[in-house]
1. Rounded to the nearest 20 Debye, what is the dipole magnitude of the chain about its Cα centre when Lys and Arg each give +1 and Asp and Glu each give -1 at the C-beta?
2. With a 10 Å cut-off between alpha carbons and a GNM built on the chain, which of VAL266, VAL188, VAL212 moves the most?
3. Nearest 10 degrees is fine. How inclined is helix 64-88 to the longest principal axis of the chain, computing both from alpha carbons?
4. Based on DSSP H runs of at least 4 residues, each adding -39500 (n - 2.57), what is the mean residue ellipticity at 222 nm of the chain after dividing by all its residues, to the nearest 500 deg cm²/dmol?
5. Tabulate in residue order the Karplus-calculated ³J(HN,Hα) for segment 146-159, using 6.51 cos²θ - 1.76 cosθ + 1.60 with θ = phi - 60°, rounded to whole Hz; enter x for Gly and Pro.
6. Report the per residue volume, in Å³, of the convex hull enclosing the C-alpha atoms of the chain.
7. What's the exposure ranking of ILE219, ILE44, going from fewest to most Cβ atoms within 10 Å?
8. I need the shape label for segment 110-206. Rule: rounded when a/c is under 1.5, else prolate if a/b > b/c, else oblate, with a, b, c from the alpha carbon gyration tensor.
Amino acid sequence: MIETAAADLAVLSQGLVPLEMTQAEVYQAVQDNTLLNASFWANIALAGLSILLFVYMGRNVEDPRAQLIFVATLMVPLVSISSYTGLASGLTISFLEMPPGHALAGEEVLTMWGRYLTWALSTPMILLALGLLAGSNMTKIFAVIVTDIGMCVTGLAAALTTSSHGLRWFWYFISCTFFLVVLYILLVEWPKDAEVAGTAEIFNTLKILTVVMWLGYPIFWALGAEGIAVLDVAITSWAYSGLDIIAKYIFAFLLLNWVASNESTVAQMADGLGAAGSSSGAVPADD
Ligand code: RET
């Protein structure tokens, strides 16, 4: 207590402003940046509309597997509305001083760390829905979800590291390695499963949409204020918000629309959910 007060006094006596901003000050900074604020509110509105639409679309779905796809997909706009409310209120934004070597070294950069945190909740739901659609076995669903969470959490670490510029990029590299595993399952494993399950056509459409959109996130991270800073904070935020609109709401609409009109296909799908090691769903022989 006394030490903290002494440290505060030392800071003030040197004429320095303490780095920490109050939540109200961060909120004011967001309010003052109309373009940035709009990138949050556009998504709050779209997430709200998506929730209502998806609940309506799923009202008659009865098959448990189709229902699970609906529940997982519905979680995406639910997490999104919370995520963007956290950003719009300043709760999940911090101003961080960039380390030496960074393009904005010594400056305080607005960091939307809440995005990376909430991706760790929304992206596993997208992957669960896709894995169920492909008729994946449990092992692949588990593997893709844990590596995806690893990607988001290490991406969060990259954004929050202020001690060393090199370590920011090392975290980024680790996150990209996790991402490669996710891409491998999406591009190599699940297409084969979807072929067997009879859902290849819709799966491949959603796979392309997902892979193309998801590749945009690490690119904009690298170009934005947290990376090499060629894009300003509001533009980067709009880039993420735009990707979110396609990767979440449009993706979810296409998936749920297909599931609602092909419920019987989903109900009859051969899958490996009961047998962790196989993709056929066959009961293993006991000899
Ligand atoms: C980061 C930076 C570090 C390297 C990589 C990233 C990838 C992020 C991705 C995010 C996808 C988010 C979605 C959100 C929907 O709610 C963390 C930007 C690889 C792929 C689809």
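1. Computed charge dipole of the chain: roughly 420 debye.
2. VAL188
3. Around 10 degrees separate the two axes.
4. Values: 12 runs with 197 residues, N = 287.
Mean residue ellipticity, 222 nm, calculated: -23000 deg cm²/dmol.
5. 5, 5, 5, 5, x, 4, 5, 5, 6, x, 4, 4, 4, 6
6. Working: hull volume 46.5 nm³, N = 287.
Normalising the Cα hull of the chain by residue number yields 162 Å³.
7. Details: ILE219 12, ILE44 17.
Neighbour counts put them in this order, fewest first: ILE219, ILE44.
8. On the way: a/c = 3.13, a/b = 2.43, b/c = 1.29.
Here segment 110-206 falls in the prolate category.
Each value in this text was obtained by applying a stated rule to the coordinates, not by laboratory testing. Everything numeric here is computed off the predicted structure, so don't read it as measured data. Here the Cβ is made from the backbone with ideal geometry for all residues, glycine too, and neighbour counts use every protein chain on show.
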